[in-house]
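Engineer: Take a look at this one; I'll ask things after.
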Amino acid sequence: MFVRRQPLIEAMDRAAEWLWTPVLRFLKVDTLEDLQLSTGHARSFRVLPLVLLLGCSAGLGGMIAGWRITGLMILNAAWILTALIQTRSPLMGRPNGRDEREAALVRSGHLWGFGATTMLALIGCFYFALASPMPDLSGKAIGSLIFGRDLWFPSQPLDWMELALFGMAVEINVAVLAASWGLPEGDTEDDHGQ
Amino acid sequence: MSRTIYNRIALFRTDRNLSRKALADAVGVNPQTIGFLERGDYKPSLELAMSLSVTLGVSVDMLFSFRPFPPVADALRNAGD
C-alpha cells in the first residue's frame, strides 16, 4: 500500500490485475513458481494453440485491413499467451533435463513449427515480390497492376516487427500443437509411482 | 514403415519389485517415460533398450519383440504340462 497516493501506478496495478488475473486463472497459474520453467508437469494443449493462431491471424489481418491499433493489440495479446502456454506445454524443460522421449517430442514439435514458418515465409516472399513498389513502374507494384488495386506492404519498422512476432507465434503454436497431439489422449504425464 | 514393438517391461519390473521411478532412475529417464514404454506409446532407442535389459537382468529379445508375447498364464500352463 502506498503512503502517498500514486494514481498512475495504482491505475496500472488495477489494469494489470484486470488483464492478467482471468488469464492466469484460465492457465491454472496460482503462484509465480507456476510460471517458471521446469516446475510441474507438461500439459497437452490440443485446441488452445489453434485459437491463438486464429487470434494472431486476426490481429495481422486487422493491421492490414486498416484497424492498426486493434490489430496490434490482438496480435500482441495472442503472442503473450503463446509465450505463457509454451512454458506449460510438452515443450517445457525439466529440472533434471529431458530424456530421449521428451527430446524426440520437442524435436518433432519444432520440426512441424519451423516447417510451417518456412512455408509461410516462402509464400510471404512471393507475396512481397508482388506487393513491393517498383521504381521502374513509377512506384507501382506488379500486384497492383495485376489485381487493379494496391496490395498491403510492410512500410514501417513496426510492421516488420509484428510480422516477426507473427512468425514466432506460428512456430511456437504449431510446435505445441504437434507435441501435444504426439502425446496419448488423456495426457498420461502424471504417473510417477508404480 | 513403422512396426509395432511389443515389450514385457512391466512384467519384469514387477518381478524385480521395482517401481517405475526406481527403474527410471536406474536407466536415466523420467518415470513417465517408463509408463510410455510399458504401454507401447514410445519406442526406445537401442541404447535405452539395452540399458533396460541390463537393469532388469534379461536379454533384449526377452524384453522386446515384433510379435506379441504369450500371456503369462499360458507360459505357466505349458511349464506345468
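Engineer: Per residue of B:40-47, how many C-beta atoms from partner chains lie within 10 Å of its own C-beta, taken as a mean?
Structural biologist: Taking all residues of B:40-47 together, the mean is 3.
Engineer: A further question follows. For A:171-184, what's the mean count of beta carbons from other chains sitting within 10 Å of each residue's beta carbon?
Structural biologist: Whole-number average of other-chain Cβ neighbours for A:171-184 is 1.
Engineer: Could you please rank A:M119, B:M62, placing first whichever residue has the fewest other Cβ atoms within 10 Å of its Cβ?
Structural biologist: The most exposed by this proxy come first: A:M119, B:M62.
Engineer: Run lengths n ≥ 4 of DSSP H only: what is the helix-derived mean residue ellipticity at 222 nm for chain A, with -39500 (n - 2.57) per run over all residues, to the nearest 500?
Structural biologist: Estimated from H runs of four or more residues: -22000 deg cm²/dmol.
Engineer: What ratio of Cα Rg to 2.2 N^0.38 Å holds for chain B?
Structural biologist: 1.11
Engineer: Please name which of A:L137, A:L52, A:W160 has its Cα lying farthest along the dipole of the protein assembly as shown towards the positive end, using unit charges on Cβ (Lys, Arg +1; Asp, Glu -1) and the Cα centre as origin.
Structural biologist: A:L137
Engineer: Given a Förster distance of 45 Å, report the FRET efficiency between A:S108 and A:R5 from their Cβ-Cβ distance, rounded to the nearest 0.05.
Structural biologist: 0.25
Engineer: A further question follows. Going highest first, how would you order A:147-157, A:174-184 by mean Cβ packing within 10 Å?
Structural biologist: Listed from highest to lowest mean packing, they are A:174-184, A:147-157.
Engineer: Separate question: What are the radius of gyration and Dmax of segment A:96-148, computed over its Cα atoms and given in Å?
Structural biologist: Looking at segment A:96-148, its Cα Rg and Dmax stand at 19.9, 61 Å.
Engineer: Another question, if that's okay. Provide a whole-number value for the mean count of partner chain Cβ atoms within 10 Å of the Cβ atoms in peptide B:16-25.
Structural biologist: 2
Engineer: Mind giving me the FRET efficiency for B:I5 and A:F126? R0 is 45 Å, r the Cβ-Cβ distance, nearest 0.05 is fine.
Structural biologist: 0.55
Engineer: Rounded, prolate or oblate for the protein assembly as shown? Axes are the square roots of the Cα gyration tensor eigenvalues, ordered a ≥ b ≥ c, and the cut-off for rounded is a/c under 1.5.
Structural biologist: oblate
Engineer: Multiplying the sequence separation of B:R39 and B:A26 by 0.36 nm and subtracting their Cα-Cα distance, what value in nm do you get?
Structural biologist: Between B:R39 and B:A26, full extension yields an extra 2.8 nm.
Engineer: Moving on to the next point. What distance in nm lies between label points placed 7 Å from Cα along the C-beta direction at B:L46 and A:M161?
Structural biologist: Distance between the two pseudo-spin positions: 5.1 nm.
Bear in mind that the values in this text are calculations on the coordinates, not laboratory data. Small disclaimer: the values here were computed from a predicted structure and weren't measured. Virtual Cβ from ideal backbone geometry, glycine too; neighbours counted across all protein chains shown.
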